[in-house]
1. With bins 5 Å wide starting at 0, give me the P(r) of region 237-327 over every alpha carbon pair, in whole percents.
2. Using DSSP to call loops (not H, G, I, E or B), can you name the trypsin sites (Lys or Arg not before Pro) in region 69-164 whose Cβ has at most 10 other Cβ atoms within 10 angstrom?
3. Where in the chain are the helices, taken as whole DSSP H runs, whose Cα atoms extend 24 angstrom or more along the long axis and whose Kyte-Doolittle mean reaches at least 1.0?
4. Might you report the magnitude of the Cβ-based charge dipole of the chain about its Cα centre, with Lys and Arg at +1 and Asp and Glu at -1, to the nearest 20 debye?
5. Could you grab the Rg to Rh ratio for region 2-110? Cα atoms only, Kirkwood for Rh.
6. Once the other residues with Cβ under 10 Å from the Cβ of PRO276 are scored (Lys, Arg +1; Asp, Glu -1), what is the net sum?
7. By per-residue mean of other Cβ atoms within 10 Å, what is the highest-first order of 200-209, 40-49, 244-253?
8. Roughly how many whole Å is it from the C-alpha centroid of region 83-133 to that of region 23-76?
Amino acid sequence: MMLGYLDISAEVYRIARGYLLPYLITGFMFPAFFAFRSTFEGVGDIRPVMIFNCLAFVLNAVLDYIFVFGKLGLPAMGGIGAAWATTLVMTFLLLAMAAYGNYAQNMRRLQLYRQFSAPSLAAIGEILRLGVPIALMIAAEIGFFAIIPMLIAHLGANVLGAHAITNNLDALAFMIPLGIAQALTIKVSHAQGRNDPLAARQICLTGFKLVLLLAVILGTVKITLRHDFAALFSGDADVQLIAANLFFFSAALGCFDSMQMASSGALRGFKDARVPLFIQVLAFWVIAFPIAYSLALTDFWGEPMGVYGFWTGLVIAALLASSMMLMRWNLVSKREIAIWSEGLHKQGA
């Protein structure tokens, strides 16, 4: 019904309305999908998630081709067909993960489909106390990136295009430290479950060094191939020039943001999420965003820097967040070791 209040053409209204039904069906399946995925990742069994997602990627491409363009005797459905393809792909993922959870040898000990009981308010509350701050922490950073295109839209298509090129490649490169951060969460939580905070801290140190090394390598690649990357996405010389300049900011951002993500992932393994949320909001929105806005769109610091001002703010935010996250991790990990040592001392006494 809300679509009727929007100032859109009849054709756009038809496509949007047809898109919403499969979109909603897919949305209802997402919680179960993430529950299965998180369960597999939590026990350190990430291979099925990777395999199922790769199969889903291929299946989605095939179904998009069939439904969007009308193959195998089906009518061409355009964007609506893409939505139904996504729904079918999500159904496949959900059924595949459900079957794996039931039949896989290493999953049988969990007995996922047995011993059902009434919802535990205590368990739900504990999950929410950890999950809600994590969600808000991710939203705090993503929101900064999401608002930039709206604020620079008046600067022209060339600026928007260059920002999109750099941002998309930056997001793709960020998948590597993000994956390591998730691995740190799992490994640290396993070590904590074994009551071995010394191993947990050592795992973190190893992960931090690995993330920093990869970030430096990726940053070097971005700077070295910045003109080639820009040319892959646009033939406009102005867009290429702006994008090539932004890759310098992207390289610096990647180094700091990778450490921020790795340290926050480690803190999740220690079940520490509220303070990292405060750090993220403070770094990105309280400190960095006013600086970025004033650099980009005002003459407070001198000549407005445009999109470069926002990327400067991103680098500042990531630098502050990573520094504070690392200090918080150092404090929490040492505190866990002190508690563990005190417990051993009492047992010895």
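1. 3, 15, 20, 20, 17, 12, 7, 4, 2, 0
2. ARG114
3. Counting only whole DSSP H runs, the qualifying helices are 47-69, 79-103, 121-152, 197-224.
4. 1460
5. 1.10
6. Taking every Cβ under 10 Å from that of PRO276, the sum is +2.
7. 244-253, 200-209, 40-49
8. About 15 Å separates the Cα centre of region 83-133 from the one of region 23-76.
Since every read-out is calculated from the coordinates, none of them should be taken as a lab result. Predicted model, so just to flag it, every value in this text is computed and none were measured. Backbone-built Cβ (ideal geometry, glycine too); neighbour counts: all protein chains shown.
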